[in-house]
Amino acid sequence: MSANSADGSIRADAVEVVLVKAGRTKIRYPAELLSDDGARIVVRASWAGEDVRDFGFVRFEPGDVFTEYYWRDRWYAVKEVRTASGDLKGWYCDITRPATLSGAELVVEDLDLDLWRSADGTDVRRLDEDEFAESGLSDRDPEAAAQAVRALDTLETLATTGNGLERLLA
């Protein structure tokens with residue numbers, strides 16, 4: 001992790017985002033802590049993949065910058081995605097359990113459902129509903145599954161209502 005400062009101490013603004021899925025760590029990456037108001041945590045990180053990831057509707061590539069919004073009391077995370085030159089690509093929203101920040105580790109449990117909204121708002125799509133159904137969460141933890149579906153519905157409403165996502169992140 002690139003959290004060490006020049007004198008070898010840990011920087012106060014550095015965190016490591018840990019994305020957990022099905023009980024296993026899916027990915028870890030360094031990020032800069034921009035703010036933490038007790039309910040919402042905001043970090044900034046570069047695209048953590050080494051290569052381009054082409055979803056067909058958006059490409060994440062080296063140099064892309066993600067400003068990521070996590071909540072301790074909401075079942076989602078919203079990631080504003082920009083090119084290295086600052087052009088907005090859109091928002092990638094993960095349905096997650098509420099985030100926890102312990103020391104310099106921000107842990108988020110991914111619940112499979114996702115939502116994408118393009119920068120111009122013309123492309124709003126629900127993603128991975130098949131993975132969510134196959135995950136068995138509805139049987140193992142029906143309340144969490146219900147929270148996840150409600151969170152996806154909420155984000156879709158925000159994404160399709162004027163500047164709903166922008167207002168959420170302001």
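The values are calculated or read from the model by the stated rules, or taken from the named source; none is laboratory data. Nothing here was measured: the structure is a model prediction, and the numbers come from that model. We place every Cβ from the backbone using ideal geometry, glycine too, and count neighbours over all the protein chains shown. Side chains are part of the model used for accessible areas, which takes the heavy atoms of the whole protein and leaves out ligands, DNA and RNA. Shrake-Rupley method; radii C 1.70, N 1.55, O 1.52, S 1.80 Å.
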Matching residues, the stretch 61-70, being among the aromatic types (F, W, Y) and open to solvent by less than 10 Å² (accessible area, probe 1.4 Å): Y70
Those residues of the stretch 107-162 which are touching a Gly at 6+ places or on another chain (Cβ under 6 Å) and touching a residue at least 12 places away in the same chain (Cβ under 8 Å), in sequence order: R117, S118, A119
Subset of the stretch 54-76 (residues that are among the aromatic types (F, W, Y), more than 20 Å from E105 (Cα to Cα) and part of a loop (DSSP other than H, G, I, E, B)): F55, F57
The stretch 34-48 - residue that is open to solvent by 40 Å² or more (accessible area, probe 1.4 Å) and part of a strand (DSSP E or B) and, of those, farthest from L101 (Cα to Cα): S46
Strands (runs of 3 or more DSSP E) wholly inside the stretch 82-170 that include at least 3 residues being open to solvent by less than 30 Å² (accessible area, probe 1.4 Å): 88-96, 105-118
